[in-house]
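Since every read-out is calculated from the coordinates, none of them should be taken as a lab result. All figures in this text were calculated on a predicted structure; none of them were measured in a lab. Don't worry about glycine lacking a Cβ; one is built from the backbone with ideal geometry, like all the others, and counts go over all protein chains shown.
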Amino acid sequence: MSKSIRLSEDAYERLAAHKRDDETFLEVVLRLAGERSLLDIAGVLSDEESTVLRQVVEERRMRP
């Protein structure tokens, strides 16, 4: 079973920009729709782990 959807030219161009050479548009939509949000991983780290991670990121940002 399949469904048809309408896209504006702009939406089509944006979708096409994400398309890989070996992908169909169906595969692009499924790949992009399957991406996880950062909210999906909220709470994964303990308070201690998140503190260490913040420190590491901050140190890396300060490097030239």
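Checking the structure you have, find out if any residue of region 37-47 is part of a helix (DSSP H, G or I) and surrounded by 10 or more Cβ atoms within 10 Å (Cβ to Cβ). Checked against the condition, which is being part of a helix (DSSP H, G or I) and surrounded by 10 or more Cβ atoms within 10 Å (Cβ to Cβ), region 37-47 yields no hits at all.
Applying the set (1) under 14 Å from the mean Cα position of the chain (by Cα); (2) among the charged types (D, E, K, R); (3) part of a loop (DSSP other than H, G, I, E, B) to ARG6 leaves exactly one unmet item: (1). Among the residues making up region 1-15, those that are out of contact with any helix residue (DSSP H, G or I) (no Cβ under 8 Å at 6 or more places or on another chain) and either of a type in the set (Asp, Glu) or surrounded by 10 or more Cβ atoms within 10 Å (Cβ to Cβ) (or both) are GLU9, ASP10, ALA11, TYR12, GLU13, ARG14. With the requirement that a residue be assigned to a helix (DSSP H, G or I) and surrounded by 11 or more Cβ atoms within 10 Å (Cβ to Cβ), what does region 16-31 give you? Passing the criteria: ALA16, HIS18, PHE25, GLU27, VAL28, VAL29, LEU30, ARG31.
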